[in-house]
Amino acid sequence: MVKQGSFARTAKTKRVRSIKQKKQTDNSASIDDKQINDYLIVRYHLTQHAKQAPVVEETMLRFFNVFMSQDESENVWRVDVMLPKTLVAIGNQVPWQFYYLVANEWERFAQFLAKEVPAVPLQVKKIVTDLTETQTVEIFAKHLALNWFISQFGADQAKLTQITEAQVQALQESFIAEEKVAWDKVAIVYSQVEKVVVGNETDDKTKQWIADLEKINI
């Protein structure tokens, strides 16, 4: 079974409230580079909270935390690099519905990045690259294909190493219809994947979040 890893504990919504309170008392003109992640989490919560259902907001906050940890450039956020790395980092710690919600929110999320990241009051401003819709669809579909093979053969490295690029590509292409991710097909293929195992060490909020994701039907 797929076991929950550290990803489940990367985001605590209560952190948003404490950071926001701190920010209200901070009148400095700029922030340190180390504060950008917390700053953007607050901005995301403030600008998106009213537009999202609770399970969507929780999903996106957790995704955003992992996404920001993939930043390896001083001044440029290469989204074409950061998104695939984020999906790999999260892997099969979450049900497929997680990716469904993130993909559905991606356009609005990308707009948030384009507007908010360059506006962060840093001494040296950040630049964000963008993705075409086709690139985004291909990234999600390829990840879902790779993730499926890992979920099926991850415990048997000998079999996993025998999976060819052609097999991955074939599954990836089957997940795309009319230039969009065919989530109905994803749901069918992933119906054979074992559920995420939530360990005793996992907090109650994460357990409920995982349960809420698994209830989503296409």
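The values are calculated or read from the model by the stated rules, or taken from the named source; none is laboratory data. Everything quoted here is computed from the prediction, not taken from an experiment. Only protein heavy atoms, including side chains, enter the accessible area calculation; ligands, DNA and RNA are left aside. Shrake-Rupley method; radii C 1.70, N 1.55, O 1.52, S 1.80 Å.
Taking each of K85/K142; K34/K115; K142/K185; K185/K215; K51/K195 in turn, the alpha-carbon distance tops 22 angstrom for K51/K195. Report, in degrees rounded to the nearest 10, the 0 to 90 angle that the Cα long axis of helix 96-116 makes with the longest principal axis of the chain. Approximately 30 degrees, to the nearest 10. Expressed as a whole percent, the accessible surface of the chain that belongs to carbon and sulfur atoms is 51, based on a 1.4 Å probe. Taking the longest Cα principal axis of the chain as reference, the axis of helix 13-24 is set at about 20 degrees.
A cut-off of 5 Å between modelled amide H atoms, ignoring neighbours fewer than 5 places along the same chain, links I176 with A182. Excluding ligands, DNA and RNA, the accessible surface per residue across the chain is 55 Å² with a 1.4 Å probe. Across q = 0.11, 0.17, 0.18, 0.24 Å⁻¹, region 39-107 modelled as identical point scatterers on its alpha-carbon atoms has Debye log10 I(q)/I(0) values of -0.26, -0.64, -0.72, -1.19, in the order of the q list.
Evaluating 6.51 cos²θ - 1.76 cosθ + 1.60 at θ = phi - 60° for every residue in region 68-85, the Karplus couplings come out as 5, 6, 8, 6, 10, 10, 5, 10, 10, 8, 7, 5, 5, 9, 5, 5, x, 5 Hz, glycine and proline recorded as x. In order along region 201-211, the Karplus-derived 3J(HN,Hα) couplings, from 6.51 cos²θ - 1.76 cosθ + 1.60 at θ = phi - 60°, round to 7, 6, 5, 4, 5, 5, 4, 5, 4, 4, 4 Hz, and Gly and Pro are given as x.
Only helices enter this figure: runs of n ≥ 4 DSSP H residues, each worth -39500 (n - 2.57), summed and divided by the residues of the chain, yield -18500 deg cm²/dmol at 222 nm to the nearest 500. Across every pair of non-identical alpha carbons in the chain, the mean reciprocal distance, once inverted, gives a Kirkwood radius of 18.5 Å. Backbone phi angles across region 39-53, fed through the Karplus curve with coefficients 6.51, -1.76 and 1.60 (θ = phi - 60°), yield HN-Hα couplings of 4, 6, 4, 5, 4, 5, 4, 5, 8, 10, 3, 6, 9, 10, 5 Hz in residue order; Gly and Pro are listed as x. Taking a ≥ b ≥ c as the square roots of the eigenvalues of the alpha carbon gyration tensor, region 126-218 is oblate, as a/c is not under 1.5 and a/b does not beat b/c. Amide H to amide H distances under 5 Å link V76 with I127, where only residues 5 or more positions off or on other chains count and H is placed in the peptide plane.
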